[in-house]
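**Q** Please read through the structure below; I'll follow up with questions.
Readers should treat all values here as calculations from the given coordinates under stated rules, not as data from a laboratory. Here the structure is a predicted model, which means the values were calculated and not measured. A quick note on method: Cβ atoms are made from the backbone with ideal geometry, for glycine too, and the neighbour counts reach across all protein chains shown.
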Amino acid sequence: MSTETDNVQAVRRTLRGSAAPLLAAANRWPWWIQVLAIYVAARVVSACIFAAASLQQGPGPWGGAHPGYWDFINIWDARWYGRIFTEGYPSELPVDAAGNVQENAWAFYPLFPLLGRGLSAVTGMSAGAALTTIAMLAGLGAAVVVYLLFREKADHGNALWGVVFFSTFPVSGILQVPYAESLNTLLLAAALLLVVRRMYLEAAPLVVLMCLSRPVGVAFAAMVGILLLVRLHGWWAGGRSREKTGALVRLGVLVLVSGVSAVLWPILAWQTTGDFQAYTKTESVWRGGGLVPFAPWFDMGMRLLGPVAGMLVPFVLAAGFAWLMFAPPVVRLGLELRLWCTCYMAYLLVFLHPQTSTFRLLLPLFPLALGAAFLSRSRAYRGTVTVMFVLLQIVWIVWLWVWAQLPGGGDYPP
């Protein structure tokens, strides 16, 4: 037994000795190269998972079996963005014979396909190539901005590990496919960075763009609104200097811009189609019923766990998340990032119809990656989390991205 243990220790020492020069060289790189190296390495791993999963893909709604990598990542909602790229948005909501609104492009926000169309006009790229390029570049930018945001709250090492967790998160593969998530994450991280730095007016244009990329505007408006109330309380109780008053006015402007931007896309849908509920009717199609706050969580809980335990699910989720927000590693994120995570989770609890897409919709909670890095400096802990994230990527991609028709038709969406 001792001989076997000695051999294992010898192997470990050899591996550490071999890796030490590489790690030492990497530590001398500029911070942005380290960040990009981590992110690119994570995306290569995800690309390998996608490529392997494509071999399991049978014939589906988008083509034959075993598609190539580029065709494989251009399925699901990527096809909707491709249609918007080429056809734009309908001037009338499509309905069936009974007058029920059908699935249509108004569920998808316009900034991502608009940027793809602009890139295509300059380069001649196809819709899929242009949208994929935008997504990949936005993902690279998001990794850099996420690091800068984390550096406001942590030293270089912890911030870098936060980027590792962000880059390998189980649904992080979505950052390299033609979805709007990477663009939205870039804009959200940049807006949060400016809010943390109290550069409120500078954040306003980014918030407008962010609210035209993904439906996160309501949560962001709530976050800056609550932040304004907190700052007002401090101003009232602790002195009313000209500097503090000016900061409050600028924050108030951001609250106003955020509130208007949060409803901008539904207003544009109304103005184009003539239907005041064009956006909400379209969103409701995918959930198979009307938009009733909170109700889908209770319905799904009862469906999965029965009438008693199922009714408790939303309360348990809310209580668990509230506890998380007061856990010491998360408290270190600071007021703004904790407020964002709280408001976004509250938004999901109020409006989301929980389904398999819920995993993807957790990505805007990326500030918690830094909280996970704060939890322990142990290399074993951090390495285990990273490995588990990569393994869960395999589960997410093979289970949800690979299309396989269910007995009742269709498939679970990623």
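**Q** Using Cβ counts within 10 Å as a stand-in for footprinting exposure, how do 210, 199, 345 rank, fewest first?
**A** Final ranking by Cβ density, sparse to dense: 199, 345, 210.
**Q** Distance in nm between label sites at residue 125 and residue 69, each 7 Å beyond Cα in the beta-carbon direction?
**A** Distance between the two pseudo-spin positions: 1.6 nm.
**Q** Also, I was wondering about something else. Compute the length gained on full extension between residue 228 and residue 52: take 0.36 nm times their separation in residues and subtract their Cα-Cα distance, giving the result in nm to one decimal. It would help to have the intermediate numbers written out before the result.
**A** Working: separation 176, 0.36 × 176 = 63.36 nm, distance 4.86 nm.
Extra length from residue 228 to residue 52 when fully extended: 58.5 nm.
**Q** On to the next question. For the range 29-401, what number results from the quotient of the Cα radius of gyration and 2.2 N^0.38 Å?
**A** Values: Rg = 21.1 Å, N = 373, 2.2 N^0.38 = 20.9 Å.
Ratio of Cα Rg to 2.2 N^0.38 Å: 1.01.
**Q** Counting alpha carbon pairs within less than 8 Å and at least 6 residues apart, what relative contact order, in whole percent, applies to the range 308-414?
**A** 26
**Q** With a point put 7 Å past each Cα toward its Cβ, work out how far residue 327 is from residue 152 in nm, to one decimal.
**A** Simple spin-label model gives 2.2 nm for this pair.
**Q** Taking the Cα centroid of the range 299-323 and of the range 35-77, what is the distance between the two, rounded to the nearest whole Å?
**A** Each part's Cα centre sits 34 Å from the other's.
**Q** Same structure again: Roughly what would the spin-label model give for residue 386 and residue 319, points 7 Å off Cα along C-beta, in nm?
**A** 3.7
**Q** Which FRET efficiency, nearest 0.05, do residue 197 and residue 237 yield, Cβ-Cβ r, R0 30 Å? Don't jump to the answer; show the numbers that get you there.
**A** Values: r = 23 Å, r/R0 = 0.78.
That gives a FRET efficiency of 0.80.
**Q** Just to confirm my numbers, what's the Cα centroid distance between the range 82-124 and the range 387-408 in Å?
**A** 27
**Q** Ok, one more. Taking θ = phi - 60°, what integer Hz values does the Karplus form 6.51 cos²θ - 1.76 cosθ + 1.60 yield along the range 202-215, in sequence order, with x for Gly and Pro?
**A** 5, 6, 4, x, 5, 5, 4, 5, 4, 6, 9, 10, 8, x
**Q** Estimate the FRET efficiency between residue 62 and residue 271 by the formula 1/(1 + (r/R0)^6), using the beta-carbon distance for r and 41 Å for R0, to the nearest 0.05. If you can, show how the numbers build up before the last one.
**A** Details: r = 32 Å, r/R0 = 0.79.
Here the calculated transfer efficiency is 0.80.
**Q** Multiply the residue gap between residue 28 and residue 308 by 0.36 nm, knock off their C-alpha separation, and tell me the result in nm, one decimal place. Working shown, then result.
**A** On the way: separation 280, 0.36 × 280 = 100.80 nm, distance 5.70 nm.
Here the segment from residue 28 to residue 308 would lengthen by 95.1 nm.
**Q** Taking the highest mean first, how do the peptides 120-130, 369-379 order by number of other beta carbon atoms within 10 angstrom per residue?
**A** On the way: 120-130: 15.4, 369-379: 18.3.
The densest-packed peptide leads the list: 369-379, 120-130.
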